[in-house]
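Just so it is clear, none of the values below were taken in a lab; they were calculated from the coordinates. Note that the structure is predicted; figures quoted are calculated from it, not measured. Cβ: placed from backbone, ideal geometry, glycine included. Neighbour counts: every protein chain shown.
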Amino acid sequence: MSANDVIPPSPSESEYATSQDGTVEDIFAREDPFSLFEDWLQAARGSEPNDPNAVALATADPDGLPDVRMVLLKGFDREGFVFYTNLESAKGRQLQDNPKAAMCFHWKSLRRQVRLRGAITPVSEAEADAYFQSRARDSRIGAWASKQSRPLESRFALEKEVAKYAAKFHIGSVPRPDFWSGFRLIPERIEFWRDRRFRLHDRMVFSREAATSPWSVMRLYP
Ligand SMILES: Cc1cc2nc3c(=O)[nH]c(=O)nc-3n(C[C@H](O)[C@H](O)[C@H](O)COP(=O)(O)O)c2cc1C
């Protein structure tokens with residue numbers, strides 16, 4: 001059986017980049033990658049079945065071996081793209097050793113991709129506290145209970161930890177653990193990819209030397 005038997009050719013010979021009024025937006029006229037990203041994320045909110053903010057986050061370990069997993073984008077602005085995690089997890093350790101990362105969004109419903117690369121900085125304590133307190137109480141307790149990425153003996157052992165912290169915090173507030181916080185990816189490169197007919201896709205890259213430098217824009221062959 002070849003891959004083509006299980007993965008039929010994409011029906012993308014139709015025009016997926018077309019907007020509702022039947023026109024194709026000229027993304028190459030856009031000068032601001034953040035506003036273009038906001039527009040695409042907004043479109044994904046209306047079309048994805050769940051988690052339009054899910055993004056693959058790539059890191060590398062001290063040997064340079066890449067690692068990748070999904071996280072949820074919890075904020076973005078001109079400063080960067082923010083996600084939260086356990087700091088003692090594999091990704092947490094990798095990012096503390098090598099504070100650089102890449103992200104890749106893929107919205108199947110839109111047939112669009114956005115890639116980002118850049119340096120990583122921790123979010124402020126105040127920012128992490130504010131986000132942590134916005135989470136459901138059970139998720140806050142879960143953050144205390146999970147030694148993310150370390151071996152777990154059984155599901156029961158995890159449930160016991162959850163019960164332990166639920167009892168500990170009882171009806172009081174659940175503070176943010178000091179091993180749980182967020183990171184911000186400060187992009188030095190953002191690429192927008194959009195499906196076009198006959199795989200002649202659009203690729204547009206914004207890049208800059210430093211976070212304070214102006215963006216240069218380039219079109220790439222698909
Ligand atoms: C859609 C989706 C969203 C996720 N969001 C997060 C997240 O925001 N933060 C997080 O730590 N893990 C998240 N996870 C779990 C991670 O993919 C991963 O399993 C976990 O963080 C451990 O990764 P690590 O061992 O590389 O640190 C998510 C998983 C999926 C499938």
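Among the helices (runs of 4 or more DSSP H) confined wholly to the stretch 113-185, which include 2 or more residues that are within 16 Å of the ligand (Cβ to nearest atom) and not hydrophobic (A, V, I, L, M, F, W, C)? First the steps, then the outcome.
Details: elements: 125-134, 137-145, 155-169.
Counting at least 2 such residues, we get 125-134, 137-145.
Name the residues in the stretch 165-217 that are surrounded by 12 or more Cβ atoms within 10 Å (Cβ to Cβ) and hydroxyl-bearing (S, T, Y), would you?
Quick first cut of the stretch 165-217, residues surrounded by 12 or more Cβ atoms within 10 Å (Cβ to Cβ) only: 165-166, 169, 174-177, 179-197, 201-208, 211, 215, 217.
Scanning the stretch 165-217 gives Y165, S181, S207.
Only one of (1) within 16 Å of the ligand (Cβ to nearest atom); (2) free of Cβ contacts under 8 Å to residues at least 60 places away in the same chain is not met by P214, so which one is it?
The one condition P214 does not meet is (1).
Take the residues in the stretch 59-98 that are within 11 Å of the ligand (Cβ to nearest atom) and assigned to a loop (DSSP other than H, G, I, E, B); name whichever of them is nearest to the chain's Cα centre (by Cα).
L73
So if I check each of S173, S134, S124, S109, which one is closer than 23 Å to A90 by Cα and among the polar types (S, T, N, Q)?
None of the others qualify; the one that does is S124.
Listed residues A130, A119, A136; which is under 22 Å from D61 (Cα atoms), surrounded by fewer than 19 Cβ atoms within 10 Å (Cβ to Cβ) and among the aliphatic types (A, V, I, L, M)? Break it down stepwise before answering.
On the way: A130 fails: under 22 Å from D61 (Cα atoms); A136 fails: under 22 Å from D61 (Cα atoms).
Going through A130, A119, A136 in turn, just one is under 22 Å from D61 (Cα atoms), surrounded by fewer than 19 Cβ atoms within 10 Å (Cβ to Cβ) and among the aliphatic types (A, V, I, L, M): A119.
Could you list, in sequence order, all residues of the stretch 170-212 that are closer than 18 Å to A136 by Cβ and over 19 Å from the mean Cα position of the chain (by Cα)?
Of everything in the stretch 170-212, those that are closer than 18 Å to A136 by Cβ and over 19 Å from the mean Cα position of the chain (by Cα) turn out to be H170, I171, G172, S173, V174, P175, R176, P177.
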